[in-house]
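Engineer: Got a structure for you, questions after.
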2 protein chains.
Amino acid sequence: MKIINGGITSPKGFKAAGIHAGLKKSKLDMAMIVSETEAVSAGAFTTNVVKAAPVIWDRKILEKGSARAIVVNSGNANACTGEQGLADARTMAEETAGCLGCSADSVFVASTGVIGVNLDMEKISRGISVLASSLGADGDAAARAILTTDTVKKEAAVTVEIDGRTVTIAGIAKGSGMIHPNMATMLCFITTDAAVSRQALQSMLGRGISDTFNMISVDGDTSTNDSVIVLANGMAGNSLLEEGSDGFSVFEEAFTYVLGQLARMIVRDGEGAGRFIQMKVTGAKSKTDAALMARSVVSSSLVKAAFFGADANWGRILCAMGYSKADFDPLLVDLSFSSAKGEIQVLSAGRPLAFDEGRAKEILLEKEVFATADCHQGSAEAEAWGCDLTYDYVRINGDYRS
Amino acid sequence: MKIINGGITSPKGFKAAGIHAGLKKSKLDMAMIVSETEAVSAGAFTTNVVKAAPVIWDRKILEKGSARAIVVNSGNANACTGEQGLADARTMAEETAGCLGCSADSVFVASTGVIGVNLDMEKISRGISVLASSLGADGDAAARAILTTDTVKKEAAVTVEIDGRTVTIAGIAKGSGMIHPNMATMLCFITTDAAVSRQALQSMLGRGISDTFNMISVDGDTSTNDSVIVLANGMAGNSLLEEGSDGFSVFEEAFTYVLGQLARMIVRDGEGAGRFIQMKVTGAKSKTDAALMARSVVSSSLVKAAFFGADANWGRILCAMGYSKADFDPLLVDLSFSSAKGEIQVLSAGRPLAFDEGRAKEILLEKEVFATADCHQGSAEAEAWGCDLTYDYVRINGDYRS
């Protein structure tokens, strides 16, 4: 696998555009991603009972199994917008399809931003035609146009060799950012020129998400708009990838790597985040137990606040593992903290070790800190990623109206 | 039911004491609650896999079904303290039993405070003998001695008439407060002079907790020491209360009222809390659905931060209901906010209403605010209580070492 400096237009046959359509004051707020040819599609969407209109549309057209394009707007989530919202999402697909000369059910729609306000369809329609006429090889504008309170764009791209052909996988994402007056949304769009079967792509996405996007936590809230959409147009010319076929594992590894990179970029850019936290659980009885423990730790407000204070607070970590519903014996747990500044063990077989607080502080004051818990009960492991709980988080999410 | 101005020594035959044993710098840090006669006991303890030594001891002696006393220390949680911790908890029970002339398995033990540090048993032993010799009718010192970072003591007492006898139920609690260097603990001790069967008392406690202590959230973390212990000595002389017997429902209502009052006191005194939040869900398909939704809302960092900002953020509330795993139709939900300053509806059948932001702000700036969601799908309802997420929460839990 080769990591390349590219974006969603790096895979063969993909074009993209990003523009300012006027939904936001001045920032880019609409994007379009298009494949020259009908591409195999896969998707994963929010589990929230409250689903935004574009999510309802996308879940329907996902059944078709192939698509040409994704049209996205930021600034307005088109959520809690009733029948009008559903009609507007469909119109976005239809107008995009009109410009591209494909059918509406070949166009995924995504929105992020304010809740409960209907889209300004005049601006959206104008935006769609401008986007369609400005499609190009530059994915950068699209990567920036999907952002809300994110502070940096999130792009990843890799290539792998599969039966002599160079296959490229790329993605862009936007993170968990609150936007006035409502909620966070995670969007991720993946493009690849691999030839891969629909079933293989969808199941690979399911596995990949459970190890990546489902293992990050900024504040534990699941939005109405969360969407991951994948388009694979086969233009790399490799022989069709199926579960277990030659090169499939190589492809899946690269695909999951891109998802993981984007997921970690989202946490690094979490609202008000000052510190990136990785929790690794090893020696667990099962993968499920390991994942439950790791995710519980990075989701704990107490743990997050402790990392904000650069506090080697093993008690809160052990406690969060304890209420995770995972099966483990706390009297077997070893726990250590590490960072670029070194490593320090604080717990051995469930018992606290005397350690140098100053040394621990020095390690935990780094921007990227790691905690590792070894349960000594098996060989399963999992990693979860989070960020600290800071004054800025409270300010951004509570104080912005005051 | 009559609300009285009393404490755990208000029921007949109960004495208590609270002293400074030296575990904390200057505040009271040990308490004892004693019944003249062996009392029927009931208890509920943390579900955390990581259980403190006193919790392990209490769960064992709970099987006996009766007890004389509860001995408590604050300042040290006796958690993650290994074999020595278990031995120390047992010693606390044995020494208390020695002073009272009962058997060790008649003495519940509770601890709250620092984790991973063994108890100073010299101070504890001295404290126990002082406590035993200073038992009296004043529950106030005991109520204060169990506190950690709580800012106020938490006491409630009521009387009810059961077959001509006056039955008294009283309780004290300590809340969710972080204590250097570790975690929160909720402790609650209930005394009553009612004659009630062990089975009836235990099942009543289970039902009561699910509607009260299980419906509050300060930061969602479940501690290693959480304990609720009930002693009922029968000295009121009423005929034995059994499930369904005369007066049982009157007694259960009063008992649950005391639990509810103490639970709400804990949230009002939550760390850094500036605002008390009640979330009521009505018209749900089932009690379980209603409880899931209500608890999910008061546990959401986004919702809590919005209340900190006095922001009528119905989107975050609907979103938190949406990921609660409850079964409901968001397109039927009505939502309104209220306080001493009045009421304002913000959502009707899942659609946002245009409302006066200034008016909403005025309502939400109150110290006690209420949100009510009507699901219009049934007749089940539930209430949950929480507090806002404030700068002080982050400071207390993150910044205290910096």
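The values are calculated or read from the model by the stated rules, or taken from the named source; none is laboratory data. Owing to the predicted nature of the structure, the values given are computational and were not obtained by experimental measurement. So basically every Cβ, Gly included, is an ideal-geometry build from the backbone, and we count neighbours across all protein chains shown. Keep in mind that these areas ignore ligands, DNA and RNA; they rest on the heavy atoms of the full protein, side chains included. Shrake-Rupley method; radii C 1.70, N 1.55, O 1.52, S 1.80 Å.
Engineer: Among the residues of segment A:62-78, which ones are open to solvent by 10 Å² or more (accessible area, probe 1.4 Å) and outside any loop (DSSP other than H, G, I, E, B)?
Structural biologist: A:Leu62, A:Ser66, A:Arg68, A:Gly75, A:Asn76, listed by residue number.
Engineer: Could you tell me which of the residues B:Ala52, B:Ala31 is in contact with a Gly (Cβ under 6 Å, 6 or more places away or on another chain), in contact (Cβ under 8 Å) with a residue 40 or more places away in the chain, closer than 30 Å to A:Gly315 by Cα and crowded, with 19+ Cβ neighbours inside 10 Å?
Structural biologist: One residue alone meets the criteria, B:Ala31.
Engineer: Looking only at segment A:249-279, which residues are open to solvent by 10 Å² or more (accessible area, probe 1.4 Å), more than 30 Å from A:Thr148 (Cβ to Cβ) and of a type outside the set (Asp, Glu)?
Structural biologist: A:Ser249, A:Val250
Engineer: Return yes or no: is B:Ala349 within 22 Å of A:Ile115 (Cα to Cα), more than 8 Å from every other protein chain (Cβ to nearest Cβ) and surrounded by fewer than 20 Cβ atoms within 10 Å (Cβ to Cβ)?
Structural biologist: Yes, satisfied.
Engineer: Next up: Hey, can you tell me all the residues within segment B:113-127 that are surrounded by fewer than 23 Cβ atoms within 10 Å (Cβ to Cβ) and either part of a helix (DSSP H, G or I) or away from chain A (no Cβ under 14 Å) (or both)?
Structural biologist: Residues satisfying the conditions are B:Asp120, B:Met121, B:Glu122, B:Lys123, B:Ser125, B:Arg126.
Engineer: Still on this structure, please answer the following. Residues in segment A:7-17 that are open to solvent by less than 20 Å² (accessible area, probe 1.4 Å) and closer than 24 Å to A:Phe255 by Cβ: how many?
Structural biologist: Here the count works out to 6.
Engineer: Could I ask something else about it? Return the only residue of A:Ser249, A:Ser300, A:Ser245 being free of Cβ contacts under 8 Å to residues at least 60 places away in the same chain and not assigned by TED's automatic domain parsing to the domain that holds A:Val160.
Structural biologist: A:Ser300
Engineer: I need every pair where a residue in segment B:57-74 that is among the basic types (Lys, Arg) has its Cβ under 8 Å from the Cβ of a residue that is open to solvent by 10 Å² or more (accessible area, probe 1.4 Å) and assigned to a helix (DSSP H, G or I), sequence separation at least 6 or different chains.
Structural biologist: From segment B:57-74, the pairs are B:Lys60/B:Asp105; B:Lys64/B:Asp105; B:Arg68/B:Leu100.
Engineer: Follow-up question, since we're still on this one. Looking at segment A:128-153, I want the residues that are assigned to a strand (DSSP E or B) and have a partner that is open to solvent by 20 Å² or more (accessible area, probe 1.4 Å) with Cβ atoms under 8 Å, at least 6 apart or on another chain. Which pairs are those?
Structural biologist: Taking only residues 6 or more apart or on different chains, the pairs are A:Gly136/A:Thr9; A:Gly136/A:Lys15.
Engineer: Of everything in segment B:215-238, what is within 16 Å of B:Val267 (Cβ to Cβ) and either assigned to a strand (DSSP E or B) or open to solvent by less than 10 Å² (accessible area, probe 1.4 Å) (or both)? Give them in sequence order.
Structural biologist: Answer for segment B:215-238, where residues must be within 16 Å of B:Val267 (Cβ to Cβ) and either assigned to a strand (DSSP E or B) or open to solvent by less than 10 Å² (accessible area, probe 1.4 Å) (or both): B:Met215, B:Ile216, B:Ser217, B:Ser223, B:Val228.
Engineer: Counting only residues that are of a type in the set (Phe, Trp, Tyr) and more than 30 Å from A:Lys2 (Cβ to Cβ), give me the strands (runs of 3 or more DSSP E) lying completely in segment A:258-376 with at least 1 of them.
Structural biologist: In segment A:258-376, the matching strands (runs of 3 or more DSSP E) lie at A:334-339.
Engineer: Does B:Ala157 qualify as being open to solvent by 10 Å² or more (accessible area, probe 1.4 Å), out of contact with any Phe, Trp or Tyr (no Cβ under 7 Å at 6 or more places or on another chain) and at pLDDT 95 or above?
Structural biologist: In short, no.
Engineer: Go through the residues of segment B:274-281 one by one and say whether even a single one is within 21 Å of B:Glu155 (Cα to Cα), among the charged types (D, E, K, R) and out of contact with any Pro (no Cβ under 6 Å at 6 or more places or on another chain).
Structural biologist: Taking every residue of segment B:274-281 in turn, at least one turns out to be within 21 Å of B:Glu155 (Cα to Cα), among the charged types (D, E, K, R) and out of contact with any Pro (no Cβ under 6 Å at 6 or more places or on another chain).
Engineer: Can you tell me which residues in segment B:284-324 are more than 10 Å from chain A (Cβ to nearest Cβ) and either modelled with pLDDT under 90 or open to solvent by 10 Å² or more (accessible area, probe 1.4 Å) (or both)?
Structural biologist: B:Lys285, B:Ser286, B:Lys287, B:Thr288, B:Asp289, B:Ala291, B:Leu292, B:Arg295, listed by residue number.
Engineer: In addition: For segment A:145-163, how many residues are under 13 Å from the mean Cα position of the chain (by Cα) and not small (Gly, Ala, Ser)? So that I can check it myself, show each step before the final result.
Structural biologist: From segment A:145-163, those under 13 Å from the mean Cα position of the chain (by Cα) are A:146-147, A:150, A:153-156; that's our starting set.
Add one more test, that the residue is not small (Gly, Ala, Ser), and what stays is A:146-147, A:150, A:153-155.
Residues that pass the stated criteria total 6.
Engineer: Can you tell me which condition A:Met186 does not meet? The list is (1) away from every other protein chain (no Cβ under 14 Å); (2) within 27 Å of A:Gly13 (Cβ to Cβ), and all the others hold.
Structural biologist: (1)
Engineer: Name every residue in segment A:133-154 that is of a type outside the set (Val, Ile, Thr) and either open to solvent by 30 Å² or more (accessible area, probe 1.4 Å) or closer than 29 Å to A:Gly244 by Cβ (or both), in order of residue number.
Structural biologist: Correct list: A:Ser133, A:Ser134, A:Leu135, A:Ala137, A:Asp138, A:Asp140, A:Arg144, A:Lys153.
Engineer: Suppose we filter A:Ala77, A:Ala67, A:Ala87, A:Ala97 for residues that are under 12 Å from A:Ala110 (Cβ atoms) and in the same structural domain as A:Phe189 (by TED's automatic domain parsing); which single one remains?
Structural biologist: The match here is A:Ala77.
Engineer: Looking at A:Thr46, A:Thr81, which is the one that is open to solvent by less than 10 Å² (accessible area, probe 1.4 Å), touching a helix residue (DSSP H, G or I) at 6+ places or on another chain (Cβ under 8 Å) and in contact (Cβ under 8 Å) with a residue 40 or more places away in the chain?
Structural biologist: Residue meeting the stated conditions: A:Thr46.
Engineer: From the residues in segment B:364-382 that are more than 14 Å from chain A (Cβ to nearest Cβ) and surrounded by 22 or more Cβ atoms within 10 Å (Cβ to Cβ), which one is nearest to the chain's Cα centre (by Cα)?
Structural biologist: Restricting to residues being more than 14 Å from chain A (Cβ to nearest Cβ) and surrounded by 22 or more Cβ atoms within 10 Å (Cβ to Cβ), the top hit is B:Ala382.
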